[in-house]
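The values are calculated or read from the model by the stated rules, or taken from the named source; none is laboratory data. The model shown is predicted, which means the values in this text are computed figures rather than measured ones. As a convention, Cβ positions derive from the backbone with ideal geometry for all residues, glycine included, and neighbour counts pool all protein chains shown. Ligands, DNA and RNA are excluded from the accessible area calculation, which covers all protein heavy atoms including side chains. Shrake-Rupley method; radii C 1.70, N 1.55, O 1.52, S 1.80 Å.
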Amino acid sequence: MKIGILSDSHHKNEYLKECIEFLKKENCEYLIHAGDICSKDGLDILKNSNLKYIVVFGNNDRDLFQFSEDYNIKKEPYYFKIKDKSFKLMHLPFHLHPDTDIIIFGHTHKFDCEYKNKKLFINPGEVCAREKPIISCAKLEINTNEYIITHYFKNTNENNFMKEEFRYEQ
């Protein structure tokens, strides 16, 4: 199972679309956005990806509350399952206690992944390239005995994503 993970788009919808198209080429079946999508247009991009998706409200998504009925956007922390794995999704890293298999968060604009006590923590970094001119997203591949997290990143004026990979035995 392959899951595309994004966060902190902040109105940069052209970067969001580029990341989603890239993650689709990487055979992702699901998309998870950890908040601060900031626009209805961004929600439309997710919805029109034709992938199953989930989004949480970030601290800059107040204007999107009215669209929660039309899009799969939830309040944080949001708990859900994909197949046999339990997830907790949030924007603000205030709910990081390890009560699910996989904990996904955003807000810091910095990629991070860590596996401790059989719990996986992932922050995909920022789509918006606000902190540095680097667009960032991640792919989580869940295999029988292993998690593979691939961090994709590219300079805003370059065409190709670079990658770094992290492997953890379950």
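Quick notes on this structure:
- For beta carbons closer than 6 Å, sequence separation of 6+ or different chains, a first residue in the stretch 52-70 that is in contact (Cβ under 8 Å) with a residue 12 or more places away in the chain and a second that is of a type in the set (Phe, Trp, Tyr) and open to solvent by less than 40 Å² (accessible area, probe 1.4 Å), the qualifying pairs are Lys52/Tyr30.
- Within the stretch 62-170, strands (runs of 3 or more DSSP E) holding 3 or more residues that are over 24 Å from Lys47 (Cβ atoms) and open to solvent by 30 Å² or more (accessible area, probe 1.4 Å): 111-116, 146-155, 162-169
- Within the stretch 1-53, being part of a strand (DSSP E or B) and of a type in the set (S, T, N, Q) holds for no residue.
Results for (1) modelled with pLDDT under 95; (2) within 27 Å of Phe161 (Cβ to Cβ); (3) out of contact with any Gly (no Cβ under 8 Å at 6 or more places or on another chain), shown as yes or no for each residue.
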position	(1), (2), (3)
Ile5	no, yes, yes
Lys74	no, no, yes
Ile82	no, yes, yes
His95	yes, no, yes
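- Within the stretch 13-31, residues that are farther than 17 Å from Met1 by Cβ reach partners that are open to solvent by 80 Å² or more (accessible area, probe 1.4 Å) and not aromatic (Phe, Trp, Tyr) with beta carbons closer than 7 Å, at six or more positions or on different chains, in the pairs Asn13/Asp41.
- Cβ-Cβ under 8 Å pairs, at least 6 apart or on other chains, the stretch 91-110 side of a type in the set (Ser, Thr, Tyr), far side assigned to a loop (DSSP other than H, G, I, E, B): Thr108/Pro93
- The residues of the stretch 84-130 that are polar (S, T, N, Q) and touching a Lys or Arg at 6+ places or on another chain (Cβ under 8 Å), listed by number, are Thr100, Asn123.
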